[in-house]
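Enquirer: What follows is a structure written as structure tokens; I'll ask about it next.
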Amino acid sequence: KKDSTMPVKPSVIVLCSGLLLAIALLWKGHGKVVVDEPKSFGLFHRALSKPFSLLSSFVDDVVPSKPVTAILMSDRMEGVITTLGSMIRSTSTPIQIILIGNQATNEKVQTHFAGRTSSFIIMTIEEAQNDLINQGLSPIWTWDEWHSSRDPNWKNENTIHVAEWDDLHTHDHELNHLRFYIPFLSVLKETEHVFFIDDDLLIKKDLNYVLQEVKANLNPSAGLTCPCNIWTWNDQCHHFEFKSKYANIVQTSPLYGGRSVCESESEEYCLPKNFDAFVKEAPPTIDT
């Protein structure tokens, strides 16, 4: 761990498809991750009861003092346009958008939404990287160890045997790890709250409502997450089922919670024998 401190603000509201990414954003540099339960998940327990519905109710008299700020990190133009379009249409006030990706996609998306946002800031990965380096940080993708896990000899007795469909190199793309550095980005220094949103979501209700709920119900250092680990695929009925909160990190799907112990080195989609004990020692203390 080369970068040992992380600012408390801006608080990050995470609408994405990975719990571990949200956990990193909640890291405060004090050996703790603050997860405000059950209020933080209660909102989305209600909100995600219908397909593609991120919010199930809306307060008409929400009057924000500042524009809602949303940040996306993607080079997939179709996904970005769909997600941003749904968010802009559903939110009652102009949104401040920050898009980090490649220059060509950034410019096309910025042009597409011209005049429809409070502001639209675009950055390339290189620009974001330079911003971090200028602050004395060393982004993980600049380390010598970057991509070392692609080497078959890198694995040891504590390594999860991932399923073939889950062993994707897109997981170690710079855009997938840049989200860990959101609180450090200079463009967000004056922002109190920011929505980090994946490019595969449809936003159907007003984000001002979420922001109001966050301010009213969460402590200032908490983050609100809506990760995919609360949905589980049902093979028999061929649909996703909503699951309530898990007791701890080890039981979540990104860590293959609930999978069986591997019987052999060649077996996939299973856990090493000592995985439970190892993981409980590795992550920071969770304050629930």
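The values are calculated or read from the model by the stated rules, or taken from the named source; none is laboratory data. As the structure is a computational prediction, the values presented were derived from the model and not from experiment. Positions of Cβ are generated from backbone atoms using ideal geometry, with glycine treated the same way; all protein chains shown enter the neighbour counts. Heavy atoms of the whole protein, side chains included, go into the accessibility calculation; ligands, DNA and RNA do not. Shrake-Rupley method; radii C 1.70, N 1.55, O 1.52, S 1.80 Å.
Enquirer: If a residue must be outside any helix (DSSP H, G or I) and open to solvent by 10 Å² or more (accessible area, probe 1.4 Å), how many such residues does the range 184-215 contain? Outline the logic, then answer.
Expert: The first filter runs over the range 184-215 and keeps only residues outside any helix (DSSP H, G or I), leaving 185, 189-206.
With open to solvent by 10 Å² or more (accessible area, probe 1.4 Å) added as a condition, the list becomes 189-193, 198-202, 204-205.
Qualifying residue count for the region: 12.
Enquirer: Return the residues of the range 267-281 that are more than 14 Å from GLY257 (Cα to Cα) and open to solvent by less than 80 Å² (accessible area, probe 1.4 Å); say none if nothing qualifies.
Expert: GLU267
Enquirer: If you scan the range 251-275, which residues turn out to be in a helix (DSSP H, G or I) and at pLDDT below 75? Break it down into steps so the answer makes sense when it comes.
Expert: Let us first name the residues in the range 251-275 that are in a helix (DSSP H, G or I), namely 251, 253-255, 275.
GLN251, SER253, PRO254, LEU255, listed by residue number.
Enquirer: Can you run down the residue pairs with Cβ atoms below 9 Å, 6 or more apart or on separate chains, where the first is in the range 110-135 and in contact (Cβ under 8 Å) with a residue 60 or more places away in the chain and the partner is outside any loop (DSSP other than H, G, I, E, B) and surrounded by fewer than 16 Cβ atoms within 10 Å (Cβ to Cβ)?
Expert: Correct list of pairs: ILE121/GLN110.
Enquirer: Determine if the range 179-190 includes at least one residue that is farther than 21 Å from GLU126 by Cβ and under 20 Å from the mean Cα position of the chain (by Cα). Please lay out each step first, then the result.
Expert: Filtering the range 179-190 for residues farther than 21 Å from GLU126 by Cβ gives 190.
Cutting the leftovers down to under 20 Å from the mean Cα position of the chain (by Cα) gives us none.
Checking the range 179-190: not a single residue is farther than 21 Å from GLU126 by Cβ and under 20 Å from the mean Cα position of the chain (by Cα).
Enquirer: I'd like to check something: does the range 160-175 contain any residue that is in contact (Cβ under 8 Å) with a residue 60 or more places away in the chain and closer than 30 Å to SER118 by Cα?
Expert: yes
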